[in-house]
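A.B. asks: Could you have a look at this structure, given as structure tokens, before my questions?
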Amino acid sequence: MKEDGIILNQPLLSIVIPAHNEEHRLPGTLEKIFEFLTSQEYAAEIVVVENGSHDRTLEIVQEYTHCINFLRVFHEEARGKGLAVRRGMLEAVGQYRFICDADLSMPIEEVNRFLPPHIGDHKVIIGSREAPGAVRYNEPTYRHVIGRVFNTMVRVMALPGLQDTQCGFKCFEGRLADEVFRLQTMGGMSFDVEVLFIARRLGHPVLEVPIDWYFNSDSRVRLVEDSFRMALDLIQIRLNGLNGVYSAKKLHKEA
Ligand SMILES: Nc1nc2c(ncn2[C@@H]2O[C@H](COP(=O)(O)OP(=O)(O)O)[C@@H](O)[C@H]2O)c(=O)[nH]1
Ligand SMILES: [Mg+2]
């Protein structure tokens, strides 16, 4: 659908869902999103990217494409949420592209708060469990504490002022998404920090939107392994910033 940078029949919204071993959670999520989107006045699409699964996630989503005509699914071999989101955000064609965790821990009805007219001039709008007005339901203390420690590191190392970069619900204006996700290098769980760092580098402020968030104990995050990796990635992001890896000039060279 993308031809020479021009998008034909562009929907307002793309919902991009990274999915890894999600055969149980994804069907309910797709049905809820389908029901919600068909009740809205704007055009939308759903883009699922599955990678590294050992279950029937891919086949199940392929089956859904027969009954949801605005659903597309892609597959990558190597595991990594960042890899999947990058692919999905670049395949998506919406005027706004919304990253959405498969467990729908934020009710999908809230997605409209990430779209005009609610966002002013912002092109990067992120769901926040920390902004005033946000409510976390059922989150165990240990997960909350780990999250706050990581956020302190994120604020010191890469993104001063942002209270919650790790929530799985984020919206990017489409043309900016094409730039930011082309510059993304990280395929794992640190990609959120990296893409927000890139967006700021390109001159775009990030708006945190308070959300209702329901903790789901079924998690793909490997707490020790992923936390260690993410701490190292913060250093890498700073180094990349210093070395011009996120420079807008690279986009023009590539094009
Ligand atoms: N495609 C893909 N998605 C992933 C991968 N790891 C996690 N995810 C997705 O990222 C989202 C958040 O995962 P979840 O387990 O709910 O993380 P938590 O809420 O932070 O504990 C879900 O949609 C997962 O399927 C991966 O390697 N590949
Ligand atoms: Mg989750």
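The values are calculated or read from the model by the stated rules, or taken from the named source; none is laboratory data. Since we're looking at a predicted model, the values are computed, not measured. Virtual Cβ from ideal backbone geometry, glycine too; neighbours counted across all protein chains shown.
A.B. asks: I'm trying to understand the selection: among the residues of segment 187-226, which are at pLDDT below 95, hydroxyl-bearing (S, T, Y) and surrounded by 15 or more Cβ atoms within 10 Å (Cβ to Cβ)?
C.D. replies: Across segment 187-226, there are no qualifying residues.
A.B. asks: Same structure again: Tell me which residues, restricted to segment 6-20, are in a loop (DSSP other than H, G, I, E, B) and among the polar types (S, T, N, Q).
C.D. replies: Listed by number, the residues that qualify are N9, Q10.
A.B. asks: State yes or no: is D121 over 27 Å from G188 (Cα atoms) and among the acidic types (D, E)?
C.D. replies: Considered against the rule, which asks whether it is over 27 Å from G188 (Cα atoms) and among the acidic types (D, E), D121 comes out as yes.
A.B. asks: Hey, does segment 110-124 have a residue that's of a type outside the set (A, V, I, L, M) and part of a strand (DSSP E or B)?
C.D. replies: no
A.B. asks: Is at least one residue of segment 161-168 more than 16 Å from ligand 2 (Cβ to nearest atom), surrounded by 16 or more Cβ atoms within 10 Å (Cβ to Cβ) and under 29 Å from P11 (Cβ atoms)?
C.D. replies: Yes, because at least one residue in segment 161-168 is more than 16 Å from ligand 2 (Cβ to nearest atom), surrounded by 16 or more Cβ atoms within 10 Å (Cβ to Cβ) and under 29 Å from P11 (Cβ atoms).
A.B. asks: Something else about it: If I146 satisfies all but one of (1) over 30 Å from I46 (Cα atoms); (2) more than 16 Å from ligand 2 (Cβ to nearest atom); (3) of a type in the set (V, I, T), what's the number of the condition it fails?
C.D. replies: (2)
A.B. asks: Oh, and also: If a residue has to be within 16 Å of ligand 2 (Cβ to nearest atom), in contact with a helix residue (DSSP H, G or I) (Cβ under 8 Å, 6 or more places away or on another chain) and among the β-branched types (V, I, T) to count, how many in segment 203-243 make the cut?
C.D. replies: Residues in segment 203-243 being within 16 Å of ligand 2 (Cβ to nearest atom), in contact with a helix residue (DSSP H, G or I) (Cβ under 8 Å, 6 or more places away or on another chain) and among the β-branched types (V, I, T): 1 in total.
A.B. asks: Further question on the same structure: Check every one of the strands (runs of 3 or more DSSP E) wholly within segment 157-241 and list those with 1 or more residues that are within 16 Å of ligand 1 (Cβ to nearest atom), in contact with a Phe, Trp or Tyr (Cβ under 9 Å, 6 or more places away or on another chain) and within 21 Å of R143 (Cα to Cα).
C.D. replies: 169-173, 212-214
A.B. asks: Answer with yes or no whether E225 is more than 27 Å from D55 (Cα to Cα) and acidic (D, E).
C.D. replies: So E225 fails the test.
A.B. asks: Only residues that are hydrophobic (A, V, I, L, M, F, W, C), over 20 Å from F98 (Cβ atoms) and in a helix (DSSP H, G or I): list them for segment 24-67, please.
C.D. replies: Correct list: L58, I60.
A.B. asks: If you don't mind, there's one more thing I want to ask. Which residues, taken from segment 64-77, are surrounded by 13 or more Cβ atoms within 10 Å (Cβ to Cβ) and either over 18 Å from the mean Cα position of the chain (by Cα) or among the basic types (K, R) (or both)?
C.D. replies: Within segment 64-77, Y64, T65, I68, F70, R72 qualify.
A.B. asks: Just one of I6, I46, I99, I68 is in contact (Cβ under 8 Å) with a residue 60 or more places away in the chain and hydrophobic (A, V, I, L, M, F, W, C); which is it?
C.D. replies: From the options I6, I46, I99, I68, the qualifying one is I99.
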